[in-house]
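J.: Just dropping this structure here.
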Amino acid sequence: MRREPVPYTPVWLMRQAGRYLPEYRAMRARLGFLELCKTPDAAAEVTLQPVERLSVDAAILFADILLIVEPLGVGLEFEKGEGPVIHRPLRSERDIAALRPIDVDAAVPFVFETARRVARALAGRVPLIGFAGAPFTVASYLVEGGPSRDYLYTKRLMYEEPEAWHRLMELLAAATARYLNGQIAAGAAAVQLFDSWVGVLAPDDYRAFVQPHMRALIRTLTPGAPVIHFGTGTAALLPLMRAAGGDVIGLDWRVDLDTAWATLGHDVAVQGNLDPAVLLAGPPYIRQRVKDILDRAGGRPGHIFNLGHGVLPGTPVEHVKALVDIVHELSDRR
Ligand code: CP3
């Protein structure tokens, strides 16, 4: 993240803890998803499972980007196999005017406790990465009520009620900064902002409706813990994301890593960017694709290997393990 020389390219995977892992599914047979997030012992165990099983170079805190919105009283639920549902979405200026600032410390003490336990258990072996949803992506769930294809309620609010939109983004940016700083205080060595769905915006809309809030948020983060700024579908937004902030820019698989890095400038680190679907193919093919990405990174300092988005449920665990080993082997500089 600091673009220092490394003995091999470090690798971790978004969603490295999750449904593709049998030990995760065993835990989920006992605890619901929200319950699991709220039980620090169990969440810490799930955070550590992929570190043991895969030899990845970082742990990512087990939590969710939507945990901090529960106190808004929007009725957050994770339905079986469906992902998150917000039962009372925020659709109007009135809904947003009625919101109170989120008391993050009261809302998610369990996340900070999980981070403390994981940091203690890791004892410096590999770093712990904390994370949060970026305000746009979190707002999109709050306004749509769940996942969406076209983000029409979100865009309507942005265009028709810009003051309400900016108020919502300010509220989320402030809560997110507090959430990430709490994770850093609890032992996270770095943090990632997931702006997973920001790629639905045109560059001018990003500039007007998102960038100022990302800039304000990232400026408020505790110095010393590097920030990874990630989104998908962001080919046209990368320079704007970089200008908003972050020590590392996360790339999805829809861009060539070398071209994207040149666009961003080599004075910022990059993370990515294997298509998660490649892990459905076997190790010989995975090897070709890893080699291609490492060639494009060209041995420059500041490349963190990752997928372009999270591990897909149903991915064979042996393929995920093979990926990590292949990255370490092919990038060995010793
Ligand atoms: O291993 C890790 O990466 C850490 C844990 C993690 C989870 N969610 C656990 C989780 C992280 C980093 C997230 C982030 C997250 N959550 C994002 C951004 C990342 C991305 O995928 O773009 C988003 C958009 C969410 C919201 C969310 N939570 C969705 C859309 C879903 C359902 C779809 C899915 O992929 O399962 C969740 C549920 C969720 N969050 C699960 C896990 C392991 C699955 C819960 C289960 O069924 O056991």
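The values are calculated or read from the model by the stated rules, or taken from the named source; none is laboratory data. Everything numeric here is computed off the predicted structure, so don't read it as measured data. In this analysis, Cβ positions are derived from the backbone assuming ideal geometry, glycine residues included, and neighbour counts consider all displayed protein chains.
J.: Sort out which residues of the stretch 191-233 are surrounded by 24 or more Cβ atoms within 10 Å (Cβ to Cβ), more than 11 Å from the ligand (Cβ to nearest atom) and over 16 Å from Ala173 (Cβ atoms), and write them in order of number.
T.: Within the stretch 191-233, just Leu201 meets the criteria.
J.: Sort out for me the helices (runs of 4 or more DSSP H) sitting completely within the stretch 1-104 that have 3 or more residues that are of a type in the set (Asp, Glu) and closer than 19 Å to Leu122 by Cα.
T.: Per the criteria, 40-54.
J.: Also, I was wondering about something else. Of all residues in the stretch 270-315, how many are on the phi > 0 side of the Ramachandran plot and surrounded by 13 or more Cβ atoms within 10 Å (Cβ to Cβ)?
T.: 2
J.: As an exercise: evaluate Ser55 against (1) within 12 Å of the ligand (Cβ to nearest atom); (2) farther than 19 Å from Phe194 by Cβ and give the number of the one condition it does not meet.
T.: Only one criterion in (1) within 12 Å of the ligand (Cβ to nearest atom); (2) farther than 19 Å from Phe194 by Cβ is unmet by Ser55, namely (1).
J.: Right, next: Residues to consider are Ala63, Ala119, Ala44; find the one that is surrounded by 15 or more Cβ atoms within 10 Å (Cβ to Cβ), within 17 Å of Gln192 (Cα to Cα) and either free of Cβ contacts under 8 Å to residues at least 60 places away in the same chain or within 14 Å of the ligand (Cβ to nearest atom) (or both).
T.: Answer to the check: Ala63.
J.: Could you list, in sequence order, the residues of the stretch 77-99 that are hydrophobic (A, V, I, L, M, F, W, C) and within 12 Å of Tyr141 (Cβ to Cβ)?
T.: Phe78, Val85, Ile86, Leu90
J.: Take the residues of the stretch 13-35 that are of a type in the set (A, V, I, L, M, F, W, C), buried (at least 20 other Cβ atoms within 10 Å of the Cβ) and near the ligand (Cβ under 9 Å from one of its atoms): which is farthest from Val324 (Cα to Cα)?
T.: The qualifying residue farthest from Val324 (Cα to Cα) is Ala17.
J.: If you take the residues in the stretch 261-286 that are away from the ligand (no atom under 16 Å from the Cβ) and under 16 Å from Tyr8 (Cα atoms), which one is farthest from the chain's Cα centre (by Cα)?
T.: Among those residues, the one meeting the criterion is Ala269.
J.: What is the residue count in the stretch 166-212 for residues that are in contact (Cβ under 8 Å) with a residue 60 or more places away in the chain and not aliphatic (A, V, I, L, M)?
T.: Total meeting the criteria: 13.
J.: Does Asp256 count as modelled with pLDDT of 95 or more, of a type in the set (Asp, Glu), within 21 Å of Ser196 (Cα to Cα) and surrounded by fewer than 17 Cβ atoms within 10 Å (Cβ to Cβ)?
T.: Judged against the criteria, Asp256 is a match.
J.: Scan the stretch 130-143 and give yes if some residue there is within 14 Å of the ligand (Cβ to nearest atom), in a helix (DSSP H, G or I) and in contact with a His (Cβ under 6 Å, 6 or more places away or on another chain), otherwise no.
T.: yes
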